[in-house]
Amino acid sequence: MTAATALQPDNIIAAEMRRVGQAAKDASKVLALADAPRKESALRAAAAAIRAQVQIILEANAKDMAAGAERNLSAAFMDRLQLTPDRVEAMAAGLEDVAVRKDPIGRMLDEWTRPNGLKISKISVPLGVIGIIYESRPNVTADAGGLCLKSGNAAILRGGSDSLHSSSAIADCLRIGLVEAGLPEDGIQLVQTRDRAAVGEMLRLHDLIDIIVPRGGRSLIERVMADSTIPVIAHLEGICHVYVDRAADPKMARDIVLNAKMRRTGICGAAETLLIDRAQAADQLPGIVDALVEARCEVRGDSEAQGIDERIVPATDADWETEYLDAIISVKVVDGVEGAVDHVNRHGTNHTDTIVTEDTETAEMFLSRIDSGIVMHNASTQFADGGEFGMGAEIGISTGKLHARGPVGADQLTSYKYIVRGGGQTRP
């Protein structure tokens with residue numbers, strides 16, 4: 001497969017997307033019936049292909065990186081785009097991890113017998129065809145394709161135009177895995193055009209695609225949610241918060257804030273706002289700022305935070321609702337856990353938020369009252385990842401409340417059906 005670059009007439013794109021959708025629909029019928037050993041074999045073969053073609057993948061990524069440099073893309077964006085031998089190996093290892101996990105299909109979710117003798121079972125089944133629209137990070141190609149395969153779904157992947165060469169090379173490996181396991185190659189397809197019209201056509205294929213999963217910035221998510229005729233599992237921005245309580249251990253607070261912000265600034269689980277209890281702000285904030293500044297992080301804050309540490313530059317109202325994905329953090333001094341909860345629920349995106357405190361009662365208040373998909377106590381927000389949750393990988397972090405919430409792994413890419421067994425009963 002080669003990465004298409006030229007813009008095409010809308011009617012050609014519409015026809016191509018319908019062809020892709022129909023091929024996925026046909027493949028989904030086979031994948032839904034594939035047993036666990038065959039799916040595991042396909043995932044292992046895909047991992048082996050990634051390792052065997054690591055140089056091809058890195059050369060493809062070098063083309064994307066060169067094009068990104070020419071366009072003067074930000075350092076944070078380039079970090080998300082870049083593949084290294086270690087990152088390629090992580091993709092292969094991730095597929096193997098998904099491969100060995102328990103098959104999410106055919107699970108008995110519940111069963112009961114009615115007084116009339118009818119035996120009713122609730123069984124997990126695939127969703128069908130899943131369309132994934134994502135930006136920049138080529139490793140999503142492996143994660144999304146692998147999870148869809150594990151859960152018996154066909155996948156249509158529409159990666160960012162900036163990563164098309166990289167994603168194409170990775171998708172080729174996934175398709176090799178399908179073929180080697182005797183499964184339909186079109187179970188995983190990558191849309192081979194940079195033309196944005198393909199996204200619009202994809203969102204209208206409600207007769208062929210069962211679920212859309214967008215993964216990217218606010219503009220992408222808003223467009224998908226506004227235009228899609230297909231149900232959406234939304235992955236909105238990750239405006240993640242760290243709240244340092246008056247009862248926080250100073251060293252733990254410093255370590256967690258630094259890791260949550262700076263381990264990888266370009267991922268959705270990176271902290272963007274630090275909230276600190278007014279009761280201990282003067283004592284705790286300077287040490288935290290020391291660590292951030294030493295790591296070359298710009299610190300913006302409200303007037304009270306600036307009064308505590310002169311290295312903090314002024315924040316604006318927009319900062320509380322900005323996903324930087326860069327070495328920038330905003331700081332606000334709040335009135336205890338009540339103030340922190342109010343700020344997070346007002347400005348957050350229901351993604352991931354954490355409290356640092358040694359006070360169990362305060363922690364429980366934060367955990368129960370924050371309305372986010374992931375809420376943590378004494379842990380970095382960078383753990384907001386399907387792999388770290390023991391899911392092997394994730395297709396995104398769902399910030400909505402319907403169907404799936406938090407990390408969306410293979411188990412979350414399923415639905416269910418009821419099977420009713422009788423012995424000749426008729427309804428009176």
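The values are calculated or read from the model by the stated rules, or taken from the named source; none is laboratory data. What you see is a predicted model, and the numbers here were worked out from it, not measured in a lab. Virtual Cβ from ideal backbone geometry, glycine too; neighbours counted across all protein chains shown.
So the values come out like this:
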quantity: In region 259-269, the residues that are in contact with an Asp or Glu (Cβ under 9 Å, 6 or more places away or on another chain) and modelled with pLDDT of 95 or more; calculated: K261
quantity: Top-ranked residue of region 132-156 - restricted to ones that are polar (S, T, N, Q) and part of a loop (DSSP other than H, G, I, E, B), ranked as farthest from M91 (Cα to Cα); calculated: N153
quantity: Top-ranked residue in region 217-230 [being touching a strand residue (DSSP E or B) at 6+ places or on another chain (Cβ under 7 Å), surrounded by fewer than 22 Cβ atoms within 10 Å (Cβ to Cβ) and in contact (Cβ under 8 Å) with a residue 40 or more places away in the chain; ranked as nearest to E135 (Cα to Cα)]; calculated: L220
quantity: Single condition S415 does not satisfy, out of (1) surrounded by 24 or more Cβ atoms within 10 Å (Cβ to Cβ); (2) assigned to a strand (DSSP E or B); (3) small (G, A, S); calculated: (1)
quantity: Count of region 77-90 residues which are assigned to a helix (DSSP H, G or I) and either at pLDDT 95 or above or not assigned by TED's automatic domain parsing to the domain that holds S167 (or both); calculated: 5
quantity: Top-ranked residue of region 386-403 - restricted to ones that are assigned to a loop (DSSP other than H, G, I, E, B) and touching a strand residue (DSSP E or B) at 6+ places or on another chain (Cβ under 7 Å), ranked as modelled with the highest pLDDT; calculated: F389
quantity: Region 327-359: number of residues that are under 20 Å from the mean Cα position of the chain (by Cα), farther than 26 Å from K251 by Cβ and of a type in the set (D, E, K, R); calculated: 0
quantity: Checklist (1) among the basic types (K, R); (2) in the same structural domain as V356 (by TED's automatic domain parsing); (3) more than 24 Å from G307 (Cβ to Cβ) applied to R278, failing item; calculated: (3)
quantity: Matching residues, region 173-197, being closer than 22 Å to A60 by Cβ and modelled with pLDDT under 95; calculated: Q192, T193, R194, D195, R196
quantity: Region 256-273, residues that are of a type in the set (V, I, T) and assigned to a strand (DSSP E or B); calculated: T273
quantity: Qualifying residue in region 110-131 (condition: assigned to a loop (DSSP other than H, G, I, E, B) and closer than 23 Å to Q53 by Cα); calculated: no
quantity: Qualifying residues in region 323-361 (those that are hydroxyl-bearing (S, T, Y) and touching a strand residue (DSSP E or B) at 6+ places or on another chain (Cβ under 7 Å)) - the one nearest to R218 (Cα to Cα); calculated: Y324
quantity: Filtered residues of region 169-188 (kept if surrounded by fewer than 24 Cβ atoms within 10 Å (Cβ to Cβ) and closer than 22 Å to A14 by Cα); calculated: E185, D186
quantity: All positions within region 64-76 that are out of contact with any Gly (no Cβ under 6 Å at 6 or more places or on another chain) and assigned to a helix (DSSP H, G or I); calculated: D64, M65, A66, A67, G68, A69, E70, A75
quantity: Residue within region 214-235 that is in a loop (DSSP other than H, G, I, E, B), outside the structural domain of T357 (by TED's automatic domain parsing), more than 18 Å from A144 (Cα to Cα) and not aliphatic (A, V, I, L, M) present; calculated: yes
quantity: Every pair of residues 6+ apart whose Cβ atoms lie under 7 Å, when the first sits in region 60-87 and is in contact (Cβ under 8 Å) with a residue 12 or more places away in the chain while the second is acidic (D, E) and not in a helix (DSSP H, G or I); calculated: S74/D326; A76/D326
quantity: Within region 296-333, tally of residues that are among the small types (G, A, S) and closer than 18 Å to V344 by Cα; calculated: 5
quantity: Enumerated helices (runs of 4 or more DSSP H) restricted to region 281-382, each holding at least 1 residues that are under 22 Å from T265 (Cβ atoms), among the charged types (D, E, K, R) and in the same structural domain as I256 (by TED's automatic domain parsing); calculated: 281-294
quantity: Test: residue in region 283-302 that is buried (at least 19 other Cβ atoms within 10 Å of the Cβ), in contact (Cβ under 8 Å) with a residue 60 or more places away in the chain and over 25 Å from R405 (Cα atoms); calculated: no
quantity: Any hit, region 266-274, residues being within 26 Å of the chain's Cα centre (by Cα), assigned by TED's automatic domain parsing to the domain that holds Y324 and more than 29 Å from L83 (Cβ to Cβ); calculated: yes
quantity: One residue from V313, V344, V337 being over 30 Å from A410 (Cβ atoms), β-branched (V, I, T), surrounded by 23 or more Cβ atoms within 10 Å (Cβ to Cβ) and at pLDDT 95 or above; calculated: V337
quantity: Residue count, region 1-18 (criterion: modelled with pLDDT of 95 or more, closer than 19 Å to G145 by Cβ and surrounded by fewer than 19 Cβ atoms within 10 Å (Cβ to Cβ)); calculated: 0
